[in-house]
1. Apply the Karplus parameterisation 6.51 cos²θ - 1.76 cosθ + 1.60, with θ equal to phi minus 60°, to every residue of region 412-423 and state each ³J(HN,Hα) to the nearest whole Hz, in sequence, with x for glycine and proline.
2. Cross-link partners among aspartates and glutamates for LYS470, C-alpha distance below 20 Å, same-chain residues fewer than 8 apart left out?
3. Given contacts defined as C-alpha pairs under 8 Å and at least six residues apart, what's the relative contact order of region 424-521, whole-number percent?
4. Provide the per-residue ³J(HN,Hα) series for region 168-174, in order, calculated from phi with Karplus coefficients 6.51, -1.76, 1.60 and θ = phi - 60°, each as a whole number of Hz, with x at glycine and proline positions.
5. Measure off, as a whole percent, the carbon and sulfur share of the 1.4 Å-probe accessible area of the chain, all protein chains present.
6. For LEU342, which sequence-distant residues (separation of 5 or more, or a different chain) have an amide H within less than 5 Å of its own amide H, given hydrogens modelled in the peptide plane?
7. Return one number: the angle in degrees, 0 to 90 and rounded to the nearest 10, between the long axis of the Cα atoms of helix 202-225 and the longest principal axis of the Cα atoms of the chain.
8. Ordering LEU288, LEU294 from largest to smallest accessible area (1.4 angstrom probe), what's the sequence?
Amino acid sequence: MVKAKWWIYQIIIPLALLYGFPWIFNNAHTIHVAQTFLITYIVIVGLNLLVGLSNQLSLGHVGFYAIGAYLSAILTMQVGLNFFVSIIIASLITALFGVIVALLSLRAKGPYLAMVTIAFGELVSIIANRWVDVTGGPAGYKTSVPSFFGIELGPIQYMWFIGLLAIIITAAATNIFRGRFGRTFTAFGNSEVASEVLGINVRNWKVLAFSISAFLAGVGGGLFAFQNQFISSTTFEINLSILFLIAVIIGGSGTKIGPMIGTAIIIGLPQLLYNFVDYHLMIFGGILLIALILLPDGIVGAITKVSYFKKFSSKNRFNELGNLQSGESVTIEFPEGTDDKLLELKNISMHFGGLVAVDKVEIEVFGGTVHGIIGPNGSGKSTTVNVLSGVYMPSAGTILWKGKDITKYAPHSVAHVGITRTFQNLQLFEDLSVLQNVMVGFHRHFKTGFLKNLLYLDQVSNEDQHYAQKAYDLLRIVGLEERAYEKASDLSYGEQRLVEIARSLALKPSLLILDEPAAGASTIEIEKIMDVIQRLKNAGLSIILVEHHMDIVMNICDYITVLDFGRKICEGDPETVQNDPRVIEAYLGGEEVNQLVAGTRSIS
């Protein structure tokens, strides 16, 4: 039933509207505007995926647009290829340029990433302007009337052709949005480090996002090259990139229909204001500025905040994933346990410049145990956890996992061997629902590839439903199944920590690192968190617990390592640690501090 509706809304109705458009608006100017709308829309769909989902800001998309246009024109006019074949080849080459830009900007974020993309766009614009022998420069480059394998496409036929491509691309983009690829793009766009510890290779996924976006910009550029049978370097300037970005933002960044609304505004407004020729650019800019200020989440984002539409949206997500069942009992799935040594830290040190955060620490963690790491603030607990999970590479020492050296493993590689973690400072995917957050945790267990997800075959749908049920079961374990379709950011602090635990369990880890899971939670929420940890311990999961609440540590941990100023000062069972004078001194400050607190000693 859902698939039938999808075909009606995504394919049949758009095709009917596309076919009927020239019969209703049959004049050359309107047809030309419709072509421009469809071409621009294709580019913005790709940019929305890059900016809206994966949160990578690009102000140089005009560069990809220009590459697609010139390569398509050259392949057709000089090599003799059919114009459509030329567009596909040119777009694939443009995607390679997207890969290059992505690799060059991997470490750049926010404004720095924007600067890298601006530089790329400006470089392409300069080359197009100066390489006159190839591009024609400002004088332009002439192309032919588009012909689809012997069938000449007039203005109306060309509009139908572009529209058909736009419908296909929209359907493919919708499939990306609703599947695991869309969840993954959104996840690392929200938090790269949280994505990495769940097994997502963020670098590769960034490259994929850039290449898809560049490909679609190349398609748009190629179609533009044959729209007027003429292109000029003066077209491909940075203001076009800004206009593309405005369309994404004003329509609703990261939404499915935002690109359509955004494109309609940037293409339609100038047409409506055409009579005010002396002022239309000023009016156009003013309207856009007001819209951006008043609607920071875009038009679609503002609409979905209305409670009625919010409920409707949640209902749709529920229907797409199928009816999730609440059975009598839930089984927690873990890899086969062992009582042997799982993890060993040998002389681990971590230096930040002249600061020694961790100094020659040695820890052994055995299977089926809860191993606590405690210490005062600044003792090196969080740094040790970051080293264990691959977030930091240690300055010295060795980390062994089941006897294998994983010292230099990146976080996603550490996750693949079976180690994951939660965070002291929450790292939820706030743009995803609670259920989707947990589904991201199953990332490395999904088997379907990009092409199958692009087509959203039955295998993809079945896999999504399977892991949606698994995610729902994990939410039942932590007591949050009733909040499954709410946005993760809407939950209380303690509930969000439970979501992090459920998401980590989705990885099916052999070792779970809990970094202060009770921090910031209320008394009632702390009791729920303690209960969940105890149940995980009883199920045989190996856990490293970093915590300030001593009642949790002493009641749950089998073995405890105490750090102070980056060094291990004590290790043993809870009773041994509680009675160790070095631990007491580290926490209470020694005998002199005790005397001051008791009032038996004065400050000299």
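1. Ordered by residue, 3J(HN,Hα) equals 5, 6, 4, 5, 5, 7, x, 10, 9, 7, 9, 10 Hz.
2. GLU320, GLU328, GLU333, GLU336, ASP458, GLU481, GLU482, GLU486, GLU495, GLU500
3. 44 percent
4. With the stated coefficients, region 168-174 comes to 4, 5, 4, 4, 5, 5, 4 Hz.
5. Numbers: 16540 of 27640 Å².
Its accessible area is 60 percent carbon and sulfur atoms.
6. VAL365, PHE366, GLY367
7. 10 degrees
8. Largest accessible area first, the list is LEU294, LEU288.
The values are calculated or read from the model by the stated rules, or taken from the named source; none is laboratory data. Since the model is a prediction, treat every value here as computed from it, not as a measurement. Virtual Cβ from ideal backbone geometry, glycine too; neighbours counted across all protein chains shown. The accessibility values were calculated without ligands, DNA or RNA, using every heavy atom of the protein model including side chains. Shrake-Rupley method; radii C 1.70, N 1.55, O 1.52, S 1.80 Å.
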